[in-house]
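What follows is calculated from the coordinates using simple rules that are stated; it is not laboratory data. Since this is a predicted model, take the numbers as computed values, not measurements. Backbone-built Cβ (ideal geometry, glycine too); neighbour counts: all protein chains shown.
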Amino acid sequence: MPWPGRGGHGLFTVGNLLKPYAALLCAALLTTTLTATEAHAADPAPTNVQISWKDDTRKLVHVSWSEEGEQPDRVSVRYQTGKVLKTMYVAAGAPNELDIPANAIAFSQATTDVEMQIGVAVGTEAGETSPVALSPAFDTIKPGNPLLETYTMSGSSTLNVKWRPPTRTDTTPNDPLDVADSQLYTPQYIKDGRTVLLSAPIPGTTFTFTGPRPPFEFQVFAQNEWGTEIGAQVFGSSIKPTATMPAWVLADTSQNRISGTAAYGVRVILQARNSASSPWYTVGWETFLHDWYAFDLRAAGSRQYRVQVPNTKAGIWAYFGGYSPVVSTTVQIRASAHFWASEIRVGQTSRAALSMSPYLVGHARLERWNGKTWTLVGPVPIANGYGWGYIRGTTPGRVAYRYYVPSGYTSGTQSCN
């Protein structure tokens, strides 16, 4: 029976409002049910992921695994922390194995230990459909730059070099890819932009070789299964000293010096010989803190000179030394004389002193001018650079005297008169 005042349609209106909501609710429930029914359950994860070197060349890492049925697989190179570096794919039905180039694994790694793993999951490029199975963790430590320990020099271009590998810590010891004593070294040098190998790869850390005429660069090329590095550089250079000095000098003056160019901070050795057939001997040496040198010879006699720069090490710079050209000089004796008394009476005697440089031993000639020529008064002994002559006044007047000092020798070298 209709409600009073509602026109007999109130219940119908409510019914129409309720029906659409009921329909929507049913549709939503149906949609949810259908979605759950169409989804696939996760595939089982592969098992027994193994890694090893493909062969003795250690260029390829062989990966193998087991799984249920024939599935497409995703193989990933990853940090042990989970970050994926590279992903490769194996089709369904193909063998459960893959060879990965070692340089595709280690190309981004340094000499420090970074722990890596190979992950295998069922899936395609669209994504993974199973959990990831992981291989044992392994390292990809490169050899590191060889460190120069020491070197010795000989001759004009021979080096004996000793080096060592950098210190490394393996945090995955005895992993499946570890190789004992795999690090090898190839000594080589670079000359005019061309690299010359000095030997086949060797396990040792010392090498001796005679290089080309300097300059050249020696280096060690290190390699192992994960990569290569270069280190232990030594730069060979040569020093060609020069030498100049006057051809004639007065003894005991600043003129009597030898100078030239060498190299900064190297030892310069001055050598001399008394004649072209005499042996060389060392006069002295000094280390100069610039690229030129100078030796003050002062009272030295006439002889031949040269300078030697020995082979010198300055850090990684190997300076191969040598000799300068030979230079010669003639040294004039520097002599002076004076009277103890410039005036004497007839019958008196005065001493005439003679001093000279360099110091000589022998005899000088005391001479007198007679108005036409020099005449001998008498020989005067010389010792330690000094001599004493005597003059006697015979007739009144002014008389000139002189000493003539002949060429002599001091320490085997000649000084001219």
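Listing for the model above:
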quantity: Helix-only [θ]222 nm of the chain, DSSP H runs n ≥ 4, -39500 (n - 2.57) each, per residue, nearest 500; calculated: -2500 deg cm²/dmol
quantity: Fraction in percent of alpha-carbon pairs per bin - 5 Å, region 333-415; calculated: 3, 15, 26, 22, 16, 10, 6, 2, 1
quantity: Cross-link partners of residue 83 among aspartates and glutamates (Cα-Cα below 14 Å; sequence separation of 8 or more within a chain); calculated: 115
quantity: Size of charge dipole - region 47-139 - debye, nearest 20, with Cβ of Lys, Arg +1 and Asp, Glu -1, no other charges; calculated: 320
quantity: Rounded to the nearest 20 debye, dipole of region 316-397 from Cβ charges on Lys, Arg, Asp, Glu; calculated: 280
quantity: Region 235-307: radius of gyration and largest Cα-Cα distance (Dmax), Å; calculated: 12.9, 44
quantity: Extreme residue, positive dipole direction of the chain, given options 50, 271, 310 (C-beta unit charges); calculated: 271
quantity: Gyration tensor verdict on region 147-238 (Cα atoms; rounded if a/c is under 1.5, prolate if a/b is larger than b/c, oblate otherwise); calculated: prolate
quantity: Dipole-positive endmost among 390, 353, 405 within region 333-415 (Cβ charges, Cα centre); calculated: 390
quantity: Within region 248-331: Cβ-based charge dipole about Cα centre, in debye rounded to nearest 20 (Lys, Arg +1; Asp, Glu -1); calculated: 180
quantity: Acute angle (nearest 10 degrees) that the helix 10-38 long axis makes with the longest principal axis of the chain, alpha-carbon atoms; calculated: 50
quantity: Binned Cα-Cα distances of the chain, short to long, each 20 Å bin given as a whole percent; calculated: 17, 22, 18, 15, 12, 8, 4, 2, 1, 0
